[in-house]
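*Asks:* Have a look at the structure that comes next, please.
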Amino acid sequence: MSVGQTDFRTAILDARVAAPAGLVDPEGRPAGKRFDVYRNNVAVSLTEALKTAFPVIRKLLGDENFAGIAGLFLRQHPPTSPLLMFYGAEFPDFLAGFEPVRHLGYLADVARLELALRHSYHAADATPVAPQAFQDMTPQALMAARLRLAPAVQLLRSHWPIHAIWQFNQPQGGPKPEMRPESILITRPDYDPVPHLLPAGGGALVAALGDGQPLGNAVATATTKAPDFDLAATLGLLIGGGAITEILQEETP
Amino acid sequence: MLDTRPNYLPNRPGVGYKPQHFSDILDHPGTVAWLEIHAENYMGAGGRPLAQLRALAERFPISVHGVGLSIGGEGSLDDEHLARLKHLIGWLEPASFSEHLAWSTHGSHFLNDLLPLPYTEETLARICAHIDQVQETVGRQMLLENPSTYLAFAESQIPEAEFLTEISTRTGCGLLFDVNNVFISATNQKTDPYSYIDAFPLDRVQELHLGGHDEDHDEHGAPLLIDSHGREVVDAVWKMYEYTIAKGGPKPSLIEWDTDVPDWPVLEAEAARAQSILQQVLV
């Protein structure tokens, strides 16, 4: 009898399903444990890919819990592409909907941060605008300009203190996180993505710039969010991180 | 400037590239004369992986080894993935490009393992059609690697060495001969690995693979070797390698070490061992 790949795949992903008949050992007996080698290879390698992609989630949950959740996730959401570097796009939503960790409300956003760091790491290279270029512009021209952001730039806005949680779980540690919303700007000055905590209103500014709004409009939006919005600090993070790749000046008629 | 880097794999040792060895490889390559990369790890848009690859390609011939094309898949090949492969091969212009006699994608699911195939006229025709499509799309010959297997298909009708020979005859693809895979499969299938080497068309082999494996047993107590690439090559495989070189002549020989990756000197020592065997066949 012929063994189809649909049956093979089903049995790989579900240990309750018997190995397809027609898979045999050298004596012609059912493959048994030999089939389990493939099951194990798939589960172990995908769990490894998730461990690599979500080190902070792993630390927050502990190795054993993480492996258990990864095992459930990989069976419900096997990769849909051979590019394993981006595996786990559905992991944040999966965590958000997973009853046993529902009390850890911040998990999904921390997972989104780890995904964003990975996307930043693999994003296209780009040459940033030299800092001097901003100083050479009049304030009016700068406010009228649109700023193109580097492909490696990522923005995360969360109701949770995700930057503090991320920092606290790095090898060098950080202060104990306190409940507050935080926004993170990821820049990649060379090859290593860096998550920066944005000042209040900074998330709104970067989002507006990403939407292609002129800087002046973006500042207005940010100031509505946070009356004490610190433009210099936010622009400093963007320029210092090489996040701006082009200044699109208003066309003069 | 004239590019004088040879764009073929020399008949010397190479290693599977791991990013943690980047500086060591440039500073202390030892006997390592070329590098192999897994294609899928270099399909991002930019960043460090591609920067490192560009730097390494200036110094070493590179072999692009795909692990995600699913040549043995029942369905059609993934066009998007094939386009990514064409793009990578287009800009890198590697010395060699290879893939596996296996499947890994079915429907929309990529299972991240090299899964086995029955050897029948039907699978033969399907695999040849896929290889024709790959070679036409990327515009060059590919090498196909013999698999490590843990079980057999009752429906199989064609011995594996004959199956690979026929694929190569029909499609014009070259072959990649993994000596460790021969040892693993022969042990697991209770066949003679040397008969497999003797049946294999070594004149079509353009690259050899060597790697380590794990030892286990099935539920009947029969040996079950697992292709883990996580340790040194065993002596029995080195002996088969010597036999293969003596019979088929020197070939580019890769050390694969993908899990529990050791420090560079350990990996380089394995390459040096391959080099000493390659030199033995000189008279």
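Every number in this text was worked out from the coordinates using simple rules, so none of it is lab data. The shown structure was predicted, so the numbers you read here are calculated from the model rather than taken from an experiment. Because the Cβ atoms are built from the backbone with ideal geometry, glycine has one as well, and the counts that use them run over all protein chains shown.
*Asks:* Of the trypsin sites (Lys or Arg not before Pro) in segment B:55-96, which ones lie in a loop per DSSP and count no more than 14 other C-beta atoms within 10 Å? The partial results should precede the final answer.
*Replies:* Details: sites: B:ARG59, B:ARG84, B:LYS86; in loops: B:ARG59.
When the trypsin sites (Lys or Arg not before Pro) of segment B:55-96 are filtered for loop state and at most 14 Cβ neighbours within 10 Å, B:ARG59 remain.
*Asks:* Give the separation of the Cα centroids, segment B:31-82 to segment A:11-73, in Å.
*Replies:* Rounded to whole Å, the Cα centres lie 25 Å apart.
*Asks:* Okay, next question. Could you work out which residue, out of B:GLY46, B:GLY249, B:GLY66, moves most in a Gaussian network model of chain B, that is, has the largest mean-square fluctuation with Cα springs under 10 Å?
*Replies:* Top of the fluctuation ranking is B:GLY46.
*Asks:* Starting from the amide H of B:GLU207, placed 1.01 Å from N in the peptide plane, find each other amide H under 5 Å away whose residue is 5 or more places distant or on another chain.
*Replies:* For B:GLU207, whose amide H was placed from the backbone, the distant partners under 5 Å are B:PHE177.
*Asks:* Still on this model: Hey, could you grab the Kirkwood Rh for segment A:1-104? Inverse mean 1/r over distinct alpha carbon pairs, Å, one decimal.
*Replies:* Across segment A:1-104, the inverse of the average 1/r is 15.2 Å.
*Asks:* Please report the equivalent ellipsoid semi-axes of chain A, computed as sqrt(5 x eigenvalue) of the Cα gyration tensor, largest first, in whole Å. All intermediate terms of the calculation are to be shown ahead of the outcome.
*Replies:* Numbers: eigenvalues 431, 86, 40 Å².
They are 46, 21, 14 Å, listed largest first.
*Asks:* Work out which trypsin sites (Lys or Arg not before Pro) in chain A are exposed loop sites (DSSP not H, G, I, E or B, at most 14 other Cβ within 10 Å) and give the longest gap free of them. Please report the intermediate quantities before stating the final value.
*Replies:* Values: sites that count: A:ARG16, A:ARG102.
Longest run free of exposed loop sites: A:103-253.
*Asks:* Please list the equivalent ellipsoid semi-axes of segment A:74-115, computed as the square roots of five times the alpha-carbon gyration tensor eigenvalues, in descending order and whole angstrom. Kindly include the intermediate steps, with their values, before the conclusion.
*Replies:* Numbers: eigenvalues 85, 31, 5 Å².
Three semi-axes, in Å: 21, 12, 5.
*Asks:* In nm, to one decimal, how far is the B:ASP79 label point from the B:GLN141 one, both placed 7 Å along Cα→Cβ?
*Replies:* Roughly 3.0 nm, to one decimal.
*Asks:* List the residues whose amide H sits under 5 Å from the amide H of B:VAL67, counting only those 5 or more places along or on another chain, with H placed 1.01 Å from N in the peptide plane.
*Replies:* Placed amide hydrogens put B:ALA39, B:GLU40 under 5 Å from B:VAL67.
*Asks:* Report ³J(HN,Hα) in whole Hz for each residue of segment B:152-161, in order, from the Karplus equation J = 6.51 cos²θ - 1.76 cosθ + 1.60 where θ = phi - 60°; Gly and Pro get x.
*Replies:* Whole-Hz 3J(HN,Hα) from phi for segment B:152-161: 10, 9, 4, 7, 4, 10, 10, x, 4, 4.
*Asks:* Neighbouring Cβ atoms within 10 Å as the yardstick, rank B:CYS173, B:CYS128 fewest first.
*Replies:* Arranged by neighbour count, lowest to highest, B:CYS173, B:CYS128 become B:CYS128, B:CYS173.
*Asks:* Please arrange B:SER148, B:SER104 by counting, for each residue, the other beta carbons lying within 10 Å of its beta carbon, fewest first.
*Replies:* Numbers: B:SER148 27, B:SER104 22.
Going from sparsest to densest Cβ surroundings: B:SER104, B:SER148.
*Asks:* For a footprinting-style exposure proxy, rank A:TYR106, B:TYR241 by other Cβ within 10 Å, fewest first.
*Replies:* Sorted ascending by nearby Cβ count, the order is A:TYR106, B:TYR241.
*Asks:* Can you pull the three principal axis extents for the Cα set of the protein assembly as shown, in Å, largest first?
*Replies:* Here the spans come out as 80, 61, 44 Å, largest first.
*Asks:* So if we plug the beta-carbon distance of A:GLN76 and B:ASP214 into 1/(1 + (r/R0)^6) with R0 = 25 Å, what FRET efficiency do we get, rounded to 0.05? Could you put the intermediate results ahead of the total?
*Replies:* Numbers: r = 29 Å, r/R0 = 1.15.
In this case the efficiency is close to 0.30.
*Asks:* How far apart, in nanometres, would the label points at A:GLU90 and A:SER45 be if each is projected 7 angstrom from Cα along the Cα-to-Cβ direction?
*Replies:* About 2.0 nm, to one decimal.
*Asks:* Determine the distance separating the Cα centre of segment B:122-165 from the Cα centre of segment A:128-184; give it in Å without decimals.
*Replies:* 50 Å
*Asks:* May I ask you to derive the FRET efficiency for A:GLU99 and B:LEU202 from their Cβ-Cβ distance with R0 = 56 Å, giving the value to the nearest 0.05? Could you put the intermediate results ahead of the total?
*Replies:* Working: r = 58 Å, r/R0 = 1.04.
Working from the Cβ atoms, E equals 0.45.
*Asks:* Another one. Chain B: D in µm²/s via Stokes-Einstein (Kirkwood Rh, Cα pairs, 10 °C, 1.306 mPa s)? Could the numbers behind the result be given before it?
*Replies:* Details: Rh = 19.3 Å.
Rounded, D is 82 µm²/s.
*Asks:* A follow-up question, please. When averaged across all projection directions, what area in nm² does the alpha-carbon convex hull of segment A:113-196 cover? Can you show the working numbers first?
*Replies:* Details: hull surface 28.6 nm².
The directionally averaged projection comes out at 7.2 nm².
*Asks:* For segment B:124-138, what does the Karplus curve 6.51 cos²θ - 1.76 cosθ + 1.60, with θ = phi - 60°, yield as ³J(HN,Hα) per residue in whole Hz, taken in order and with x for Gly and Pro?
*Replies:* Result, ordered by residue: 4, 5, 5, 5, 4, 4, 5, 5, 4, 4, 5, 5, 5, 5, 7 Hz.
*Asks:* Follow-up. P(r) of segment A:124-253 in 5 Å steps, Cα pairs, percent per bin?
*Replies:* Over segment A:124-253, the share of Cα pairs per 5 Å bin runs 2, 11, 19, 23, 20, 13, 7, 4, 1, 0, 0 percent.
*Asks:* To continue, here is another question. Could you go through segment B:221-226 in sequence order and give the Karplus-derived ³J(HN,Hα) for each residue, using 6.51 cos²θ - 1.76 cosθ + 1.60 with θ = phi - 60°, rounded to whole Hz, and x for Gly and Pro?
*Replies:* x, 6, x, 9, 8, 10
*Asks:* Rounded to the nearest 5, what % of the DSSP beta bridges within the protein assembly as shown are antiparallel ones? Intermediate results must be reported in sequence, preceding the final value.
*Replies:* Working: 23 of 50 bridges.
Counting only bridges with both partners in the protein assembly as shown, antiparallel ones make up about 45 percent.
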